[in-house]
Amino acid sequence: MAQYELRFRQVHLDFHTSPHIPNIGNRFRKDQWQEALRLGHVNSVTCFAKCHHGLSYHPTRVGTMHPHLTFDLLRAQFEASKEIDVNVPIYLSAGLDDVAAEAHPEWREMSVDGKYQGWAGSFVQPGFRMMCFMSPYLDFLCDQIREVVELFPDCNGIFLDIIHQGECCCKWCREYMETHGLSLDKQADRQTCANAALERYYRETTAAVRSKCPDMPVFHNSGHIPKGKHEILEYFSHLELESLPTGGWGYDHFPLSANYCRNLDADFLGMTGKFQTTWGEFGGYKHPNALRYECAAMLAFGAKCSIGDQLHPNGEMDPSTYRIMGEAYSEVERKEPWCREAANIADIGVLSSESEHHGSSRDNSADKGVGRILLEEHLLFDLIDRSMDLERYKLLILPDDIMVDDELQDRIQSFLDAGGKLMLTGRSGLTPDRKTFAFNIGAEYRGESEHQPDYLDAGLELAASFLDSPLVMYARSQKVRVTDGDTLAGIEVPYFNRTWRHYCSHQHAPNAEPSEFAAAVRKGNILYLAHPIFTIYAGFGAVAYRQYAANAIRLMLGDEASLMSNMPSTARVSLTHQEAEKRYVLHLLYANTIRRGDQIHFSDEGYVRDSAPLEVIEELLPLHDVTVQLNLLTTPTKATLEPQGTEIPLKTENGTVMLNLDSFTCHQMIALQYT
């Protein structure tokens, strides 16, 4: 991947503007544009060359300029920004183009049942049309890209959006399948064709972006950075992690994505939005405290910052948006020195389930569950794929559903031989034929349980602090009979599974008797949990599940954990190392998210979307009496609150560093200097 350093305070300025709206850009004024950027403390703004409607915002010989735009709006925005030292990456919609779809319907994606694909189900529904990258549309798109980089050779990169290719059956995809011996009626073959179209897209658009400047930055956006797909990274200069907490991603998506991307050889930013909901919400604003927290989280998890906005068709910047944005970005600006060239410190490597199951969605349940548990328990971790270095971690976790082939077995065995520890849950650790474990876990495998649910008898070491009774486990366990391992937890089975023939009460039958199989077994430096505990936690969120999993993790880490804290589960923590500055930086985060809103139908005509419940941040309440204990490779001699510059007491005992804060609000960095 090419190297490119991002700026910290960016705006992604959407401008998807209907051809039916008049007077485009008629209220754009250079001084008003510049004042808004200054008010927002913005130092990079992504501006539009072409939107999803397929319309261009500059004179074009290739595409179609917006019919109600009478001047070069992109040029005016570009020059106004550059004049005040604000970078300008340029946006082109790639996967969606209504103008091209209307002129060339044969270029559109078409499903196997002969239907056009896109964001609308029928011609009488509003929504953008999806284009096929195997069709001549790709040539048209590349011509548009080349035109933009010719017109703006000193722009700060190209942002290409909606990079997706379905199992298209248009004329060109059918020809490709026929030529390459693929069968249209086989789903796997259609997917092979789609993958080939995507590869063609990445290769040709990246070449177009760099047709004038070989170092031109480029990013291809598909709403999520897929884990484990290193083959596409050669086409990226950097990464942008689209993750709007109130727009469908939630507050847990970004930390997991960041915990993966910071192990890749690229600078990256987080991208939230100023909207209460998601993209395209004119007149929608989240509370300033939400943006303050979201930007602080980006810094804490190693990212630069980007906030999504949408410019009004008249071209006038919205003062409320940039005043709100400025509250967050003024803080980011002061914090930047403690966030540059900061390497993450992690005790635990989590082998991403998504990376082992390509094609899974951005919300992989096993990854989400393990991520939530580690974040809520303040355990330091990275999300990794099998190509990444295992040796730097003390504990490796394979969550719930990772089969171990020969290649992965060799890598993990080397990690174990070097003293590393391994935790397996659910089906993880089984060989691909699911007949045996790839490692000696101290038990033999007897298949999947016939009971759902069953009950966990967690035992003294692993049980939740408030339980001494069996705990219902909603997903099927794997049956393991202990041989030479240590049994740490047992399983109790129900009277029966719930069916029409026999059922009990409103849900499942209660526990009836102990099973012969173990729920948790340990042998040496390997711990196995028979339930897919992380998926169960992602689904139900019960504290008892989290404590059970966390107790197992801490049992394996022992006294090797780098950090311990008394902060509540809603707080977040990260630890970084700035080698050049000879300091560690501890990031403490806290905001109370509240579920607000509900699922309500507002328009039979479809004029507006139905509402849905959201996680909202409003008040930022101080967190009091915070203690943190750290075990670091180098003992610090001084601790300061940053960016305040206030020195705080630093106590060291037997190599453990102890810190105490009376209180902090939202985000506090603590710099730990050493000599």
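Determine whether E647 is closer than 30 Å to G284 by Cα and either of a type in the set (A, V, I, L, M) or assigned by TED's automatic domain parsing to the domain that holds H577 (or both).
no
For G181, only one of the following conditions fails: (1) touching a residue at least 40 places away in the same chain (Cβ under 8 Å); (2) surrounded by fewer than 16 Cβ atoms within 10 Å (Cβ to Cβ); (3) over 30 Å from Q77 (Cβ atoms). What is its number?
G181 satisfies all of (1) touching a residue at least 40 places away in the same chain (Cβ under 8 Å); (2) surrounded by fewer than 16 Cβ atoms within 10 Å (Cβ to Cβ); (3) over 30 Å from Q77 (Cβ atoms) except (1).
Pick from F534, F517, F540: which is under 23 Å from F437 (Cβ atoms), within 24 Å of the chain's Cα centre (by Cα) and in the same structural domain as E450 (by TED's automatic domain parsing)?
Only one candidate qualifies: F534.
Looking at H41, H52, H58 in this structure, which one is closer than 17 Å to E150 by Cβ, in the same structural domain as D139 (by TED's automatic domain parsing) and in contact (Cβ under 8 Å) with a residue 60 or more places away in the chain?
Unique residue meeting the criteria: H58.
Examine segment 480-493 for a residue that is more than 30 Å from D406 (Cβ to Cβ), modelled with pLDDT of 95 or more and out of contact with any Phe, Trp or Tyr (no Cβ under 9 Å at 6 or more places or on another chain), and state whether such a residue exists.
No; the residues of segment 480-493 include none that is more than 30 Å from D406 (Cβ to Cβ), modelled with pLDDT of 95 or more and out of contact with any Phe, Trp or Tyr (no Cβ under 9 Å at 6 or more places or on another chain).
From the list D454, D363, exactly one residue is at pLDDT 95 or above and among the acidic types (D, E). Which is it?
D454
Here is a check on your reading of the model: is A328 at pLDDT 95 or above and buried (at least 21 other Cβ atoms within 10 Å of the Cβ)?
yes
Identify the residue in segment 184-209 that is of a type in the set (V, I, T) and touching a residue at least 40 places away in the same chain (Cβ under 8 Å) and, among all such residues, is surrounded by the fewest Cβ atoms within 10 Å (Cβ to Cβ).
Result: T205.
Tell me which of these S562 doesn't satisfy, since it passes every other one: (1) at pLDDT 95 or above; (2) within 30 Å of L633 (Cα to Cα); (3) of a type outside the set (K, R); (4) over 28 Å from the mean Cα position of the chain (by Cα).
(4)
Just to be sure I understand, how many residues within segment 407-431 are crowded, with 19+ Cβ neighbours inside 10 Å and among the aliphatic types (A, V, I, L, M)?
Result for segment 407-431: 5.
One line per residue, one yes/no per condition, for (1) more than 27 Å from G490 (Cβ to Cβ); (2) hydroxyl-bearing (S, T, Y):
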site: Y528; (1), (2): no, yes
site: G539; (1), (2): no, no
site: V543; (1), (2): no, no
site: T570; (1), (2): yes, yes
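Scanning for something under 30 Å from G283 (Cβ atoms), hydroxyl-bearing (S, T, Y) and assigned to a loop (DSSP other than H, G, I, E, B), does segment 585-600 turn up at least one residue?
There is at least one residue in segment 585-600 that is under 30 Å from G283 (Cβ atoms), hydroxyl-bearing (S, T, Y) and assigned to a loop (DSSP other than H, G, I, E, B).
Of everything in segment 259-277 that's over 16 Å from the mean Cα position of the chain (by Cα) and of a type outside the set (F, W, Y), which residue is nearest to D14 (Cα to Cα)?
K274
Mind checking which residues of segment 435-473 are of a type in the set (S, T, Y) and in contact (Cβ under 8 Å) with a residue 40 or more places away in the chain?
Correct list: S449, Y455, S465.
Output the number of residues of segment 633-675 satisfying the condition of being surrounded by 11 or more Cβ atoms within 10 Å (Cβ to Cβ) and in contact (Cβ under 8 Å) with a residue 24 or more places away in the chain.
28
Looking at E615, E647 in this structure, which one is at pLDDT below 95, part of a strand (DSSP E or B) and charged (D, E, K, R)?
Going through E615, E647 in turn, the sole match is E615.
Being touching a Lys or Arg at 6+ places or on another chain (Cβ under 9 Å), free of Cβ contacts under 8 Å to residues at least 12 places away in the same chain and not basic (K, R) narrows it down to one of Q478, Q507, so name that one.
Result of the check over Q478, Q507: Q507.
Go through segment 639-675 and give me each residue that's more than 24 Å from E333 (Cβ to Cβ) and among the charged types (D, E, K, R).
Residues satisfying the conditions are K651, E653, D662.
May I ask you to say which residue of F71, F123 is surrounded by fewer than 23 Cβ atoms within 10 Å (Cβ to Cβ), at pLDDT below 95 and at negative phi?
F123
What tally of residues in segment 545-556 results from selecting those that are small (G, A, S) and in contact with a Ser or Thr (Cβ under 9 Å, 6 or more places away or on another chain)?
Number satisfying all stated conditions: 2.
Going residue by residue through segment 458-472, is there one that turns out to be assigned to a strand (DSSP E or B), more than 23 Å from the chain's Cα centre (by Cα) and either modelled with pLDDT of 95 or more or closer than 17 Å to T535 by Cβ (or both)?
Of segment 458-472, the ones assigned to a strand (DSSP E or B) are 471-472.
Now restrict to residues that are more than 23 Å from the chain's Cα centre (by Cα): 471-472.
Then drop every residue that is not either modelled with pLDDT of 95 or more or closer than 17 Å to T535 by Cβ (or both), which leaves 471-472.
Yes, the conditions are met somewhere in segment 458-472.
What are the pairs with Cβ atoms under 8 angstrom where one residue, in segment 384-412, is in the same structural domain as S365 (by TED's automatic domain parsing) and the other, located anywhere, is of a type in the set (G, A, S) and part of a strand (DSSP E or B)? Sequence gap at least six, or different chains.
I384/G349; M388/G349; L390/G349; R392/G349; Y393/G349; L395/G349; L396/G349; I397/G349
The values are calculated or read from the model by the stated rules, or taken from the named source; none is laboratory data. Since the model is a prediction, treat every value here as computed from it, not as a measurement. Backbone-built Cβ (ideal geometry, glycine too); neighbour counts: all protein chains shown.
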